[in-house]
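See structure below.
None of the figures in this text is laboratory data; all of them are computed from the coordinates on show. Quick caveat: nothing in here was measured; it's all calculated off a predicted structure. With ideal geometry, Cβ positions are generated from the backbone for all residues, glycine too; neighbour counts draw on all protein chains shown.
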Ligand SMILES: Cc1cc2nc3c(=O)[nH]c(=O)nc-3n(C[C@H](O)[C@H](O)[C@H](O)COP(=O)(O)O)c2cc1C
């Protein structure tokens, strides 16, 4: 789990990395450890963040898994499928979690759900995130995935989507600690020897915090770790993540690792989060959208090396091309290219002229069309520093969380919520994405 790589050339000739750039990356990797402030390739926000001292951070222990560096790719619906996980792994090291997989769809054998949960023999460790609101289904799914050879299971209890919380699912579940405990207990039992973690938000709102209860339940029910996206469900993705809450959870949860999540846009942000909160590892979400080399940077800075130079546009296009080929191989041409459209916007974000070609990029149906659109850009352009902290994926305003009638009046009740309309159907994962 520890193999940073250079950007490998796979793309058309216009997208191949220049020898100069490869040399620069190799050089950055070989630089000695040091404890000075960060050099170039970091934003002003992190200019004075001190480099990691030797031995400052430890490998993350999730059950019997040892994860070094202590970095986890956040589960993201429509994003962290096998092709993207493979790409991220090529750059860095850590644990790469699948997108959320609905228990109903999985247990019914829904073809798309099964494909999203799928992997290839080269993926180790293999990690899957489950979504279940019913203990029986959680247990069955965990057992089935454990039997199929997964190495790690995660459960999503942070989904803020109104359709889900309105029926009592997602981030509404931790409001009922006995229900949460029942689901987690069944899943841990089903998982057997496979370590199972949970991922939660702070609560549905500031008035209804649940993360400390969730931490206690994670410890009591045998979870291998707990991850906290330090926003409330009401916040969705707005504002900034409350790293103090991660620190508060870490000071309360003693027997299992705590993973901090929210607003790691640059590798050096991980240093700051680990130091500020004392958490055991970081979960990285939107920052790697269109920037899978962020995992190379994370591996470098957590080992005390400087942040490597980010790829120029030629190198970015080679990575984009590799990503497209992986998606096509896995999902087929039509679905692979359809997925690629959103990735094009993320990969080219901030580069000069990218908005002019975006219209063509969001329509591409073939690799040839993709290459033709990209060929209109200046391949020698360096990575734009103003794109480092540019929000990708999801942003947006707060939204009142919808709960079922009477949900708050019966918090001691442990009856599972009713199934959602369409739960288990194709595309359900994308429809209720978030956590
Ligand atoms: C497109 C997208 C899809 C997401 N899907 C999931 C999901 O399936 N399961 C989950 O637990 N969280 C999901 N999330 C939330 C992320 O895992 C993460 O908690 C959140 O983005 C905050 O981390 P960040 O600030 O590093 O992005 C999703 C986020 C995005 C942007």
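Packing, as the average of other Cβ atoms within 10 Å across residues, places the peptides 207-214, 53-60 in the order 207-214, 53-60, highest first.
With a Förster radius of 56 Å applied to the beta-carbon distance between residue 369 and residue 414, the computed FRET efficiency rounds to 0.60. Rounded to the nearest Å, what's the spacing between the alpha carbon centres of the stretch 334-368 and the stretch 146-198? Just the number, please. If we compute the Cα centre of each part, the gap is 35 Å. Helix 243-252 and the longest principal axis of the Cα set of the chain meet at an angle near 50°.
Peptides 135-143, 266-274 ranked from most to least packed give 266-274, 135-143, packing being the mean of other C-beta atoms within 10 angstrom over each peptide's residues.
At the listed q of 0.14, 0.27 Å⁻¹, the Debye profile of the stretch 311-387, built from one uniform point per Cα, gives log10 I(q)/I(0) equal to -0.39, -1.34.
The convex hull around the C-alpha trace of the chain, projected and averaged over every direction, spans 19.0 square nanometres. Fully extending the segment from residue 108 to residue 240 would add 43.7 nm, taking 0.36 nm per residue of separation and subtracting the current Cα-Cα distance.
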